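J.: Questions regarding the structure given below will be posed in turn.
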Amino acid sequence: MKKPNLSPPFHPVGIVFIGLLMAQILATIQVYLSNLELYATVSTASTAGYLAIPNQQVMDGLQNFAPAFFGGLFFTFTIGAGITLGTMAAAWIWTRVFLSNKFILFFFLSVWLGLLLLVNIHGFCLIPTLYFLLIAPVIFKLTARRASNWHSPSSRMQQLVHLIPIPLLALLWFTQFDSAMFLDLRDNLLLSNLLGRKFSDFYYTYTLYPAETFKSLDQKMIKTWGFENNQTRAINLNLQNRLAANGYLLLPDTANVDLKIIQKEDILVFRSGEYIIFQIPVNQFLSDSQKMLQKFSQQIDRKATFRQFTFLSLLIGFPVLIYMVLHAVLYYLFLVFLDRKAAALTASIMCLLIGIIVLVYFQLNRSGNINFKDISQALQSENWQTRVAALKTIQQEKLEIADYRAYPRLLKSRIPQERYWLARTLAFSRRSSTYDDLSTFLNDKNTNVRCMAFYSLGLRQNPSAIQPILERIKISDNWYSQMYAYNALRSLGWKQTKSP
């Protein structure tokens with residue numbers, strides 16, 4: 001059988017596509033299995049009389065293929081991209097810098113084995129292991145073959161033109177990194193245009209499916225527990241109260257609960273499945289139940305390292321993936337008019353320029369600091385970014401938004417970013433009239449605005465919001481909104497109880 005030609009003009013993005021395809025297959029399986037597990041948990045909780053999150057409308061879809069496939073895209077473009085691009089870089093260095101030296105190959109092999117060990121350091125994880133076990137060898141071999149087949153001489157300057165853009169753009173964009181960067185990216189690059197809003201809606205529709213696969217127990221909304229060998233009613237009630245306060249739902253059947261507690265005289269045995277995690281005196285647990293439950297969650301958390309790899313891939317792998325896809329598109333466009341070298345060089349230069357242009361646009365439109373005395377004028381500005389900057393200042397300083405003359409006009413804003421930050425400022429308003437204004441945002445067509453309205457209602461600590469929030473959860477078809485609504489209920493002191 002004839003081997004595929006991996007030499008130019010075959011762009012390396014083709015190898016990237018193979019890695020992403022492998023990742024997507026694994027991710028779809030990973031999310032689908034997680035969805036089935038979540039469906040069993042939530043169905044059991046609902047049958048027991050508890051409020052189910054996600055609700056019935058979303059729960060039924062957990063058994064379908066589409067949420068698993070679209071949710072799997074998150075892992076494909078994070079951990080899948082990270083492993084693929086990292087492996088390609090290693091293979092390129094091995095072939096082009098170290099000229100396929102066998103000793104260097106052993107070094108890269110040891111790194112690969114180390115990553116396999118690291119991802120399982122807290123316990124064996126099948127799918128996370130398969131990402132590293134399957135994707136890395138295939139991509140390394142394909143990249144090494146392509147690099148060894150390409151003998152076209154390049155000057156040092158040409159090599160620098162190809163190598164410099166990615167680290168230079170990374171350095172330039174790093175200057176923008178702070179706690180507000182992701183929100184500013186959302187506001188200025190996504191919600192400011194139709195395509196970006198479509199992407200944002202897609203993300204918030206499907207992001208919780210993959211998130212559920214590697215959350216620690218402490219991070220989950222629905223956590224279940226069971227109690228065996230209960231010896232006194234008083235201890236039973238105390239345990240129920242402590243665990244309910246931390247979001248744990250008591251189920252009569254202890255076979256498939258997240259936490260099984262067995263009492264042995266004055267000792268509580270904490271188990272996960274058939275494994276004993278630790279034992280603790282009853283009084284010690286009752287005195288600091290939150291800390292003990294966090295300890296339990298940490299000790300059974302097998303995917304902490306995988307979460308870290310995924311987050312790192314989101315910060316590094318995903319932006320580099322965007323660069324490579326853009327480079328491939330430009331390369332093939334220029335290839336119509338130029339030779340291979342010229343097309344590749346031009347594509348690299350254009351990618352660098354586009355990255356800088358987007359950075360400058362982002363920097364110029366980021367919300368600046370508004371002085372206290374300028375807030376009123378800024379709220380009446382014709383520029384929505386200036387108005388949002390003023391709203392951020394009001395939120396940070398916890399000022400009364402209804403005191404400003406622009407407030408009625410802000411309530412009617414057609415700009416989702418403005419409504420989002422307005423809802424956020426209403427968390428600190430103490431006027432009774434603003435409670436009704438905030439409640440209207442629960443009907444907003446934008447998911448971010450609805451979520452922030454729930455969040456702000458939770459912060460206002462008004463118990464009258466509990467029933468309206470419960471009603472919204474029952475009719476909502478958006479899991480992300482339900483999550484914020486559930487957290488708002490918890491902030492208001494509401495606890496799960498079995499319905500009659």
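J.: Output yes when any residue across the range 245-266 is within 18 Å of Q284 (Cβ to Cβ) and in contact with a Gly (Cβ under 8 Å, 6 or more places away or on another chain), and no when none is.
T.: Yes; the residues of the range 245-266 include at least one that is within 18 Å of Q284 (Cβ to Cβ) and in contact with a Gly (Cβ under 8 Å, 6 or more places away or on another chain).
J.: Within the group F285, F296, F270, which residue is buried (at least 18 other Cβ atoms within 10 Å of the Cβ) and either polar (S, T, N, Q) or part of a strand (DSSP E or B) (or both)?
T.: F270
J.: Exactly one of (1) out of contact with any Lys or Arg (no Cβ under 9 Å at 6 or more places or on another chain); (2) over 16 Å from Y209 (Cα atoms); (3) surrounded by fewer than 19 Cβ atoms within 10 Å (Cβ to Cβ) is unmet by A90. Its number?
T.: Every condition holds for A90 apart from (3).
J.: Something else: Identify, please: which residue in the range 247-267 is out of contact with any Lys or Arg (no Cβ under 8 Å at 6 or more places or on another chain) and surrounded by 18 or more Cβ atoms within 10 Å (Cβ to Cβ) and is, among those, nearest to L217 (Cα to Cα)?
T.: Taking the candidates together, the pick is V257.
J.: Also, quick follow-up: Checking N238 against (1) buried (at least 18 other Cβ atoms within 10 Å of the Cβ); (2) in a helix (DSSP H, G or I); (3) of a type outside the set (D, E), only one condition comes out false. Which one?
T.: Among (1) buried (at least 18 other Cβ atoms within 10 Å of the Cβ); (2) in a helix (DSSP H, G or I); (3) of a type outside the set (D, E), the lone unmet condition for N238 is (1).
J.: Something else about it: Can you tell me which residue among L492, L442 is touching a Pro at 6+ places or on another chain (Cβ under 9 Å) and closer than 29 Å to W225 by Cβ?
T.: L492
J.: Say whether the condition of being in a helix (DSSP H, G or I) and either at positive phi or within 21 Å of the chain's Cα centre (by Cα) (or both) is met by at least one residue in the range 45-53.
T.: For the range 45-53, residues in a helix (DSSP H, G or I) and either at positive phi or within 21 Å of the chain's Cα centre (by Cα) (or both): absent.
J.: Of the residues that make up the range 164-171, is at least one of a type outside the set (A, V, I, L, M, F, W, C), touching a Ser or Thr at 6+ places or on another chain (Cβ under 8 Å) and surrounded by 16 or more Cβ atoms within 10 Å (Cβ to Cβ)?
T.: yes
J.: Restricting the first residue to the range 361-377 and requiring it to be polar (S, T, N, Q), which pairs with a second residue that is buried (at least 16 other Cβ atoms within 10 Å of the Cβ) and part of a helix (DSSP H, G or I) meet a Cβ separation below 7 Å and a spacing of at least six or different chains?
T.: Every condition considered, the pairs that remain are N365/N188; N365/Q385; S367/D184; S367/Q385; S367/V388; S367/A389; S367/K392.
J.: So if I check each of Y331, Y361, which one is open to solvent by 20 Å² or more (accessible area, probe 1.4 Å), among the aromatic types (F, W, Y) and either farther than 23 Å from L411 by Cβ or part of a helix (DSSP H, G or I) (or both)?
T.: The match here is Y361.
J.: Here is a further query. If we scan the range 213-228, do we find a residue that is within 12 Å of the chain's Cα centre (by Cα) and in a helix (DSSP H, G or I)?
T.: yes
J.: So, of the residues in the range 414-450 that are surrounded by 13 or more Cβ atoms within 10 Å (Cβ to Cβ) and free of Cβ contacts under 8 Å to residues at least 24 places away in the same chain, which turns out to be farthest from Q377 (Cα to Cα)?
T.: If we take residues in the range 414-450 being surrounded by 13 or more Cβ atoms within 10 Å (Cβ to Cβ) and free of Cβ contacts under 8 Å to residues at least 24 places away in the same chain, then F441 is farthest from Q377 (Cα to Cα).
J.: Among the listed residues T175, T129, T95, T84, which satisfies the condition of being hydroxyl-bearing (S, T, Y) and within 30 Å of Q385 (Cβ to Cβ)?
T.: After ruling out the rest, the residue left standing is T175.
J.: Just checking, which of F75, F69, F98 is surrounded by 22 or more Cβ atoms within 10 Å (Cβ to Cβ) and among the aromatic types (F, W, Y)?
T.: F75
J.: If I ask for residues that are of a type in the set (F, W, Y) and at pLDDT 95 or above, which ones from the range 279-310 would you list?
T.: F296, F306, F309
J.: Looking at A23 and the list (1) of a type in the set (G, A, S); (2) part of a helix (DSSP H, G or I); (3) under 17 Å from A147 (Cα atoms), which single condition is not satisfied?
T.: Result: A23 passes all but (3).
J.: Under 7 Å between Cβ atoms, which residue pairs at least 6 apart in sequence (or on different chains) link something in the range 294-305 that is under 21 Å from L130 (Cα atoms) with a partner that is charged (D, E, K, R) and assigned to a loop (DSSP other than H, G, I, E, B)?
T.: Listed pairs, sorted by first residue: none to list.
J.: If you don't mind, there's one more thing I want to ask. Quick test for you: out of R340, R405, R409, pick the one residue that is closer than 24 Å to S192 by Cβ, open to solvent by 20 Å² or more (accessible area, probe 1.4 Å) and among the basic types (K, R).
T.: R409
J.: Looking only at the range 116-134, count how many residues are open to solvent by less than 60 Å² (accessible area, probe 1.4 Å) and under 22 Å from the mean Cα position of the chain (by Cα).
T.: Residues in the range 116-134 being open to solvent by less than 60 Å² (accessible area, probe 1.4 Å) and under 22 Å from the mean Cα position of the chain (by Cα): 9 in total.
J.: Being within 23 Å of R307 (Cα to Cα) and free of Cβ contacts under 8 Å to residues at least 12 places away in the same chain narrows it down to one residue among L118, L130, L163, L113; which is it?
T.: L113
J.: Taking the condition open to solvent by less than 60 Å² (accessible area, probe 1.4 Å) and either outside any helix (DSSP H, G or I) or more than 28 Å from V13 (Cβ to Cβ) (or both), does S179 pass?
T.: No; evaluated as a whole, the condition is false for this residue.
J.: May I ask you to list the residues in the range 53-66 that are surrounded by 14 or more Cβ atoms within 10 Å (Cβ to Cβ) and either among the hydrophobic types (A, V, I, L, M, F, W, C) or without any contact (Cβ under 8 Å) to a residue 60 or more places away in the chain (or both)?
T.: Selection gives I53, V58, M59, G61, L62.
J.: May I pose another question? For the range 451-489, how many residues are modelled with pLDDT of 95 or more, closer than 13 Å to Y204 by Cα and open to solvent by 50 Å² or more (accessible area, probe 1.4 Å)?
T.: Of the residues in that region, 1 qualify.
The values are calculated or read from the model by the stated rules, or taken from the named source; none is laboratory data. Because the structure is a prediction, the values reported are computed rather than measured. For neighbour counting, all protein chains shown are included, and Cβ atoms are generated from backbone atoms with ideal geometry for every residue, glycine included. Just so you know, the surface numbers come from the protein's heavy atoms only, side chains and all, with ligands and any DNA or RNA stripped out. Shrake-Rupley method; radii C 1.70, N 1.55, O 1.52, S 1.80 Å.
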